[in-house]
1. Report, to one decimal in Å, the Kirkwood hydrodynamic radius for the range 36-87 based on all distinct Cα pairs.
2. Between L98 and residues 5 or more places away or on another chain, which pairs have amide H atoms under 5 Å apart, with H built 1.01 Å from N, and which residues are they?
3. With θ set to phi - 60° and the Karplus curve 6.51 cos²θ - 1.76 cosθ + 1.60, what are the ³J(HN,Hα) couplings of the range 54-60 in order, to the nearest whole Hz, using x for Gly and Pro?
4. Which whole-number percent gives the relative contact order of the range 45-122, counting Cα pairs below 8 Å spaced six or more residues apart?
5. In whole angstrom, and with the biggest value first, how far do the Cα coordinates of the range 45-122 range along each principal axis?
6. Mind giving me the nanometre distance, one decimal, between the label points for N102 and H119, set 7 Å out from Cα along Cα→Cβ?
7. Length gain on complete extension for the stretch L110 to R80, per 0.36 nm per residue less the alpha carbon to alpha carbon distance?
Amino acid sequence: MREKDAAAVVNMDVQRAIFPSHLFGGTFMTLTAYYQPVGRFDATTASQHEAALLLLLTGDANTVALDFSKIEFLSSAGLRVLLVTANAAEKKGGRLQLSGANAVIREVILTVGFDDIVHLQD
């Protein structure tokens with residue numbers, strides 16, 4: 001069964017990040033956008049997820065917390081979305097954080113070397 005529409009839960013959350021002043025010039029604010037896709041992260045849903053994730057980064061948010069706990073499958077099209085999102089966040093001084101990925105998806109991310117651009121949590 002293939003899903004026509006990408007489903008996701010979106011939430012904005014302000015987090016205050018404090019770093020040593022000798023490293024980054026002191027305290028600054030990070031705006032993290034929370035995104036939880038549901039189902040498959042593949043060619044069928046990739047364009048919708050990419051548009052939604054990039055939209056989150058057009059405002060003040062510079063970091064995306066991506067919760068993959070409800071993702072069953074990740075294809076190469078989904079990997080491309082992760083790369084595009086990570087690059088967009090990095091350009092704003094943020095990053096892409098990924099949590100909740102099952103063992104197979106984590107292995108795919110590690111195997112292709114995306115753990116350098118996607119910050120795996122858990």
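1. The answer is 11.1 Å.
2. The list, which skips near neighbours in sequence, is L66, H119, L120, Q121.
3. 5, 4, 4, 8, 6, x, 7
4. Details: 93 pairs, mean separation 26.6, N = 78.
Computed value for the range 45-122: 34 percent relative contact order.
5. 33, 23, 19
6. In this crude spin-label approximation the distance works out to 2.7 nm.
7. Numbers: separation 30, 0.36 × 30 = 10.80 nm, distance 1.45 nm.
Length difference between fully extended and current span is 9.4 nm.
Bear in mind that the values in this text are calculations on the coordinates, not laboratory data. Quick caveat, the model's predicted, so the values are computed rather than measured. Cβ atoms come from the backbone with ideal geometry, glycine included; neighbour counts cover every protein chain shown.
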